[in-house]
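The values are calculated or read from the model by the stated rules, or taken from the named source; none is laboratory data. What you see is a predicted model; the values in this text were computed from it and never measured. All Cβ positions, even for glycine, are placed from backbone atoms using ideal geometry, and neighbour counts span all protein chains on display. Surface areas here come from the heavy atoms of the whole protein model, side chains and all, with no ligands, DNA or RNA. Shrake-Rupley method; radii C 1.70, N 1.55, O 1.52, S 1.80 Å.
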Amino acid sequence: MKKLIILLPALLVASVCSAQTLDEIINKYYAANGTEILEKASTLYIEGNVSQMGTDMPIFISVKKPDKVKVVISFSGMDIITAFDGEKGYMINPLSGATDPVEIPAEQLASVQDYNMFRDNLLDNFKAGRVKLEGVEDVNGKPAFKLPFTDEQGR
């Protein structure tokens with residue numbers, strides 16, 4: 001019985017010591033998502049549909065390294081075009097009567113840059129030292145690591 005009392009705490013300590021570190025979690029995330037394959041690409045095209053207020057609309061996203069993004073959403077035969085050239089963002093929205101590009105305000109640029117599939121928020125913020133490991137929590141009956149961070153835009 002004494003051996004069992006000593007062995008049980010030793011096993012608990014050993015299991016805590018073998019817990020994954022933040023570096024190990026990020027490396028597994030990196031490998032599981034095939035990020036190294038994506039790093040070899042220079043251009044990415046995605047086609048799909050987006051549903052908004054009960055209406056399905058085709059969407060086309062084009063991303064070119066390092067920071068160029070173009071999003072085209074078709075609605076009622078008109079194309080709403082949003083683009084980021086690496087420095088400034090522009091939008092053409094024929095639904096509002098505009099046929100010429102209009103510069104997007106700085107506060108809206110982050111939403112356009114979110115389409116850049118070459119940027120990985122988790123990896124970028126990990127490299128900048130803004131990601132913490134705050135333990136494990138239950139998500140839909142499965143354990144998940146809690147990795148809070150705030151990016152450079154404060155989001």
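Shown here is the pair-distance distribution of the chain: with all Cα-Cα distances grouped in 10 Å bins from zero up to the longest one, the shares run 9, 25, 27, 20, 9, 5, 3, 1, 0 percent. Solvent-accessible area per residue in the chain equals 71 Å², computed with a 1.4 angstrom probe and all protein chains kept. Which percent of the accessible area of the range 56-155 is formed by carbon and sulfur heavy atoms (probe 1.4 angstrom)? Ligands and nucleic acids excluded, carbon and sulfur give 53 percent.
Peptides 115-122, 128-135 ordered by packing proxy, namely the average of other Cβ atoms within 10 Å per residue, highest first: 115-122, 128-135. With R₀ fixed at 25 Å, the C-beta to C-beta distance from GLU39 to ASP151 puts the FRET efficiency at about 0.80. When only alpha carbons are used to place a centre, the range 48-97 and the range 124-150 end up 31 Å from one another.
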